[in-house]
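The structure appears right after this line, and notes come after that.
The values are calculated or read from the model by the stated rules, or taken from the named source; none is laboratory data. Just so it is clear, the model here is predicted, and its values are computed rather than measured. Every residue, glycine among them, receives a Cβ derived from its backbone with ideal geometry; neighbour counts consider all protein chains shown.
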Amino acid sequence: MTAIQDNRELGKPLEALILDEDALADYLVEHIPGFERDCSIQQFLGGQSNPTYLLESGNKAYVLRKKPPGKLLPSAHAVDREYRVISALAESDVPVPNTHLLCEDESVIGQMFYVMDYVPGRVPAERGMPGYAKEDRRDMYHAMARVLGSLHSIDYQSAGLESFGKPNAYVSRQVHRWSSQYTASKVEECPPMDELIAWLPENDPDDGYTSIVHGDYRPGNIIFRNDSPDLAAVLDWELSTIGHPLADLGYFFMPHRVDAATTPYGLQGLDLEQLGIPPETALLETYACSADRSEVPSIDYYIVFSMFRLAAILAGVMRRGLDGNAADPRAIERGKSYQQIAATAMEIANSSR
């Protein structure tokens with residue numbers, strides 16, 4: 001088998017997520033040149049949405065991502081969209097794994113899935129990047145800002161993604177979508193979420209900018225090279241589409257505004273200078289240079305929007321945990337933080353009035 005170099009948590013697939021190994025092997029042997037029937041399967045245990053597996057076959061390693069089992073919310077868990085955008089970015093300045101196939105035939109293992117190459121490297125478990133040197137944190141954050149700028153500068157039509165999403169009114173459509181998703185997965189009352197659902201449409205500063213957006217751009221979805229602070233691959237493109245680049249940017253900077261003492265998603269309150277994590281202003285300059293923008297406007301609205309969307313996602317994670325079909329056994333506990341994130345978002349919204 002291959003020599004895996006990865007700090008992500010691997011283990012035996014959870015009972016509800018065990019694959020039909022014989023059916024999968026039959027399919028992959030037929031569709032991936034060189035794939036060997038005798039392969040090992042482990043599950044990456046840190047994910048919250050699409051179950052992800054490491055397949056080791058002969059001297060090569062692959063990653064399989066599939067939809068979760070059970071009844072799913074409309075348009076969620078779009079692994080086919082992940083496959084499409086990763087494939088389209090193969091020749092760009094945005095590092096992505098090499099893709100092999102998309103299987104839409106649910107009779108193979110029960111759900112749609114795709115297979116791509118395994119990419120070795122380091123995946124920080126938290127935004128504060130514990131265990132890394134100060135200089136590495138600084139360079140890794142700037143590398144992330146540069147790649148995000150590169151993504152937003154790509155001509156999505158030339159990349160074959162002209163039909164990947166609607167270019168207009170991205171944020172307003174996202175607010176509507178995540179409001180609906182939140183309502184569908186709601187298990188308890190949360191007044192700040194109700195306030196955000198009303199505030200966001202009323203304050204949308206839509207200026208018509210469009211680009212490819214990742215949708216969940218953060219350290220946990222980045223593989224860094226083992227021998228440098230450079231990016232080896234950007235992962236988890238489930239939420240990607242054509243939309244407003246500042247929505248991505250607001251999400252990237254969101255941790256700088258979230259209290260680290262109340263949620264694991266925040267950096268506010270930490271000694272960022274001592275940690276080596278650059279301030280917003282420095283990262284904005286790096287991003288703007290890479291994205292070929294002369295200036296970056298205020299991103300407060302987009303930070304509020306990003307917090308709202310994250311809160312809606314976490315509420316869904318908690319609901320899937322309660323329903324027993326989450327990809328991670330810690331889903332319920334992790335999902336509970338959506339209430340605090342929504343409250344912080346509303347505080348920023350009120351202060352910006």
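Residues in segment 158-179 that are of a type in the set (S, T, N, Q), farther than 11 Å from ALA88 by Cβ and surrounded by fewer than 16 Cβ atoms within 10 Å (Cβ to Cβ): SER163, ASN168, SER172. Evaluated against (1) in a helix (DSSP H, G or I); (2) surrounded by fewer than 15 Cβ atoms within 10 Å (Cβ to Cβ), PRO130 falls short on exactly one condition, (1).
Of everything listed in (1) modelled with pLDDT of 95 or more; (2) surrounded by 15 or more Cβ atoms within 10 Å (Cβ to Cβ); (3) under 19 Å from ASP248 (Cβ atoms), the single unmet condition for ASP139 is (3). Just checking, does segment 208-226 include any residue being exposed (fewer than 15 other Cβ atoms within 10 Å of the Cβ), at pLDDT below 95 and not in a helix (DSSP H, G or I)? Yes, segment 208-226 has at least one match.
Yes/no per residue for (1) free of Cβ contacts under 8 Å to residues at least 24 places away in the same chain; (2) assigned to a helix (DSSP H, G or I):
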position	(1), (2)
PHE253	no, yes
PRO264	no, no
ILE277	no, no
GLU285	yes, yes
ILE303	no, yes
ALA315	no, yes
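The residue that is surrounded by the most Cβ atoms within 10 Å (Cβ to Cβ), counting only those in segment 83-100 that are closer than 20 Å to SER49 by Cα and touching a residue at least 40 places away in the same chain (Cβ under 8 Å), is VAL85. Screening VAL147 against (1) under 17 Å from ALA232 (Cα atoms); (2) touching a Gly at 6+ places or on another chain (Cβ under 6 Å); (3) of a type outside the set (Gly, Ala, Ser) leaves a single unmet condition, (2).
For segment 203-220, a residue qualifies if it is under 13 Å from the mean Cα position of the chain (by Cα) and within 20 Å of SER290 (Cα to Cα), and the qualifying residues are VAL213, HIS214, GLY215, ASP216, TYR217, ARG218, PRO219. Of all residues in segment 60-89, those being out of contact with any His (no Cβ under 8 Å at 6 or more places or on another chain), at pLDDT 90 or above and not basic (Lys, Arg) number 12. Could you tell me whether any residue of segment 236-247 is within 19 Å of ARG127 (Cβ to Cβ) and part of a loop (DSSP other than H, G, I, E, B)? Scanning segment 236-247 turns up at least one residue that is within 19 Å of ARG127 (Cβ to Cβ) and part of a loop (DSSP other than H, G, I, E, B). Are any residues in segment 324-353 at pLDDT below 75 and surrounded by 14 or more Cβ atoms within 10 Å (Cβ to Cβ), and if so, which ones? Once the filter is applied, which keeps residues that are at pLDDT below 75 and surrounded by 14 or more Cβ atoms within 10 Å (Cβ to Cβ), segment 324-353 yields ASN325, ALA326, ALA327, ASP328, ALA331, ILE332. For the structure I just gave you, tell me whether LEU148 is in the same structural domain as GLU285 (by TED's automatic domain parsing), closer than 26 Å to SER87 by Cβ and in a helix (DSSP H, G or I). Answer is yes for this residue.
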